[in-house]
Amino acid sequence: MASSIVNVPFQAMKGVDCHYVGLKPSTSSKFSCVKTAIRVRSPRLFVVRASEKHDGPIKKLGLSEAECEAAVVAGNVPEAPPMPPKPAAPAGTPVVPSYPLSRRPRRNRKSPVLRAAFQETQISPANFVYPLFIHEGEEDTPIGAMPGCYRLGWRHGLVEEVAKARDVGVNSVVLFPKVPDALKSPTGVESYNDNGLVPRAIRLLKDKYPDLVIYTDVALDPYNSDGHDGIVREDGVIMNDETTYQLCKQAVSQAHSGADVVSPSDMMDGRVGAIREALDAEGFHHVSIMSYTAKFASSFYGPFREALDSNPRFGDKKTYQMNPANYREALVETHEDESEGADILLVKPGLPYLDIIRLLRDNSSLPIAAYQVSGEYSMIKAGGVLKMIDEEKVMMESLMCLRRAGADIILTYFALQAARCLCGEKR
């Protein structure tokens, strides 16, 4: 505690009862005074030092504002701690004249309080959407390429994981199913089975947590025997309009079960408008669409495809997902999705595409989402295990960077871990 010293003249103290502890004359004819109970009868000044340790708080002296002011006017200015000394530089530091800088940005970074006051980007558990993998089994199955992630049993593990997330402020999830191979088909008809894995899980979660915000994935790849996001023609072409027809049925089925936000990740042309029309026709005007607006044909998706066993059986997804080399093309997709009725625009992957996030943020007034994908997650986890990086610090920095680039919400497998960190819990 810093010292605080007060000198009070005798004239200001007449008739005032004060308790003193260790009343001691000093060379400057002052007393060291701390507590009250003796009548002052000497024309001496006394000093109150707040830094001294006592059994309990120091009592006020009972002086009025006028008496305190009178003491100062009379020249008895209260003593205060001395001026702090100028910190010494280490030996050998060169003596140089100060640069004539009118602006020194470091002044606003010199203390934790100032840094917090001027922080431009904030992050909280409310900014996270937690991706959860589900399967038909009862036990939770660890995903080898994604340490800490599991295929959750939809009746037990899923409910428990959502409860953990809600405890630290994460109240939004997105569901990804691992569909049995026997239910996969070239046209993905299982995707709109009202009693399928995802619709059942939605209904279970809504029954348990009515205020939980549930996002769903709208795409055929988990249900397609070819592993593609759309119906594959015999010559290998991904059929656009026919796939979109199936996606509309899938979105409506999810909305019937209680989904709050349907999220077409397929990258078919025109699917946002078609899904909006299908939802509205069934009375689901309140169900939002988060469009995967700029989803790139990225190599960062590998662990995710292991989790769902949804790798393409042939070829790649470059004819419908965006070229990682392209920038302006994202604006084309943005304008189309906006005009077709998207409520949220998503960029995937996240950290390698911060420029695309910023591009969408600067060119759209809609909320922007970023997906910190499985490859990003697994690299940070691997670096942490190998002690190459501080996992927790890198995790939080990566999420903050996504927010700074312009993302309003972040789909991240770190949602629970990061929220616990923000809430001050230990991992």
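Return the residues of the range 117-146 that are closer than 25 Å to ALA369 by Cα and among the small types (Gly, Ala, Ser); say none if nothing qualifies. Of everything in the range 117-146, those that are closer than 25 Å to ALA369 by Cα and among the small types (Gly, Ala, Ser) turn out to be SER124, ALA126, ALA145. List every residue pair whose Cβ atoms sit under 7 Å apart, with the two residues 6 or more apart in sequence or on different chains, where the first one lies in the range 313-338 and is at pLDDT below 95 and open to solvent by less than 90 Å² (accessible area, probe 1.4 Å) and the second, anywhere, is in a loop (DSSP other than H, G, I, E, B) and aromatic (Phe, Trp, Tyr). Cβ pairs passing all conditions: none. Note on the range 219-252: among residues that are of a type in the set (Val, Ile, Thr) and in contact with a helix residue (DSSP H, G or I) (Cβ under 7 Å, 6 or more places away or on another chain), the one that is nearest to TYR292 (Cα to Cα) is THR244. Here is the figure for the range 343-369: residues that are assigned to a loop (DSSP other than H, G, I, E, B) and either on the phi > 0 side of the Ramachandran plot or open to solvent by 10 Å² or more (accessible area, probe 1.4 Å) (or both) total 5.
Residues that are in a loop (DSSP other than H, G, I, E, B), under 28 Å from the mean Cα position of the chain (by Cα) and either among the polar types (S, T, N, Q) or closer than 17 Å to LYS184 by Cβ (or both) within the range 299-322 comprise SER299, GLN321, listed in sequence order.
Of the listed requirements (1) part of a helix (DSSP H, G or I); (2) open to solvent by 30 Å² or more (accessible area, probe 1.4 Å), ARG155 misses just one: (1). So for the range 180-201 (the condition being more than 25 Å from TYR320 (Cβ to Cβ), among the charged types (D, E, K, R) and either open to solvent by less than 20 Å² (accessible area, probe 1.4 Å) or touching a helix residue (DSSP H, G or I) at 6+ places or on another chain (Cβ under 9 Å) (or both)), does at least one residue qualify? Yes, the conditions are met somewhere in the range 180-201. Might you let me know whether the range 370-383 holds any residue that is open to solvent by 60 Å² or more (accessible area, probe 1.4 Å), more than 24 Å from ILE344 (Cβ to Cβ) and β-branched (Val, Ile, Thr)? No, the range 370-383 has no match at all. Residues in the range 97-127 that are open to solvent by 100 Å² or more (accessible area, probe 1.4 Å), in a loop (DSSP other than H, G, I, E, B) and over 30 Å from VAL173 (Cα atoms): 8 in all.
The values are calculated or read from the model by the stated rules, or taken from the named source; none is laboratory data. Keep in mind that what you see is a predicted model, and the values were worked out from it rather than measured. Quick reminder, even Gly has a Cβ in these numbers, built from the backbone with ideal geometry, and neighbours come from all protein chains shown. Just so you know, the surface numbers come from the protein's heavy atoms only, side chains and all, with ligands and any DNA or RNA stripped out. Shrake-Rupley method; radii C 1.70, N 1.55, O 1.52, S 1.80 Å.
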